[in-house]
Amino acid sequence: MNKRGKVLIVSGSAGSGKSTVLTPFKSGAIPPFTFSVSATTRQPRPGEVDGRDYLFVTKERFEEMIEKGELIEHTVFNGNYYGTPKAPLVKQIEDGKVVILEIEVDGAEQIMGLFDKSDLISVFLSPPDYKTLEARLRGRGTNTEADILERLERAKVELEFSRLYSNILINYDGRASDVTDAIVRVVNGENVDTLDIHCKSTDALLEKFYE
Ligand code: 5GP
């Protein structure tokens, strides 16, 4: 019989570089990691594939999923529903996978209340500081000024939520692969406290962020 798997929550604000850090896991090249495919009511972005990146559903279908208990957690983010389908997650854990939930802090808090500590690993990913975050958001060139300001504000709130997570990792420019490696090490039960991308507490993170 397979060893029981685990849930790996990875959260991070806009500009934390979360998707770059998680890309190597997406190719399936690092077993036993696998992804949970979330349901959402937001529109697909160019290049996104239904069933792979998200299950793109209508508001009515999403509300039916809530009603029928098909989602293990859900939230509203930026005016759209997002949620984690329960049945595939349970199956993947039973199959011994490490299931990555790339979700925001509200959903993460719900999941943390549902799983045993021994079945759960959580990583909060942060940009190194406010200036870097702002530069990353502006560098995309696709966001309006109002959008950038809103994301900067939300990032402040999200940083506070890092208190809930067992690991805080900092994604410095050009260091995404080190963060990916650190996540693998955390899952393997190795100590990452001495790595320079590891942050020991939310207070230390906040101090560094706004220095
Ligand atoms: P995006 O629209 O940029 O893909 O995602 C917006 C935010 O929703 C990101 O922080 C992402 O991690 C989060 N998210 C994606 N799927 C889920 C989900 O199933 N549940 C929750 N709670 N958040 C999600």
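The values are calculated or read from the model by the stated rules, or taken from the named source; none is laboratory data. Since this is a predicted model, take the numbers as computed values, not measurements. Neighbour counts are summed over all protein chains in view; Cβ atoms, including those assigned to glycine, are modelled from backbone coordinates with ideal geometry. The accessibility values were calculated without ligands, DNA or RNA, using every heavy atom of the protein model including side chains. Shrake-Rupley method; radii C 1.70, N 1.55, O 1.52, S 1.80 Å.
Points to keep in mind about this one:
- Selection within region 126-143 - open to solvent by 10 Å² or more (accessible area, probe 1.4 Å), of a type outside the set (Gly, Ala, Ser) and away from the ligand (no atom under 16 Å from the Cβ): Asp129, Tyr130, Lys131, Thr132, Glu134, Arg138
- Test: residue in region 170-184 that is under 18 Å from Phe209 (Cα atoms), of a type in the set (Ser, Thr, Tyr) and open to solvent by 20 Å² or more (accessible area, probe 1.4 Å): yes
- Any hit, region 3-19, residues being hydroxyl-bearing (Ser, Thr, Tyr), surrounded by fewer than 19 Cβ atoms within 10 Å (Cβ to Cβ) and within 14 Å of the ligand (Cβ to nearest atom): yes
Residues checked against (1) touching a helix residue (DSSP H, G or I) at 6+ places or on another chain (Cβ under 8 Å); (2) not aliphatic (A, V, I, L, M):
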{"position": "Val90", "(1), (2)": "no, no"}
{"position": "Met112", "(1), (2)": "yes, no"}
{"position": "Leu120", "(1), (2)": "yes, no"}
{"position": "Thr132", "(1), (2)": "no, yes"}
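- Of the residues making up region 38-62, those that are closer than 23 Å to Ser27 by Cα and basic (Lys, Arg) number 2.
- Only a single item in (1) surrounded by fewer than 16 Cβ atoms within 10 Å (Cβ to Cβ); (2) in a helix (DSSP H, G or I); (3) touching a helix residue (DSSP H, G or I) at 6+ places or on another chain (Cβ under 9 Å) is not met by Gly69, and it is number (2).
- Among the residues of region 86-125, the one identified as part of a loop (DSSP other than H, G, I, E, B), closer than 21 Å to Met65 by Cα and either without any contact (Cβ under 8 Å) to a residue 24 or more places away in the chain or open to solvent by less than 10 Å² (accessible area, probe 1.4 Å) (or both) is Gly113.
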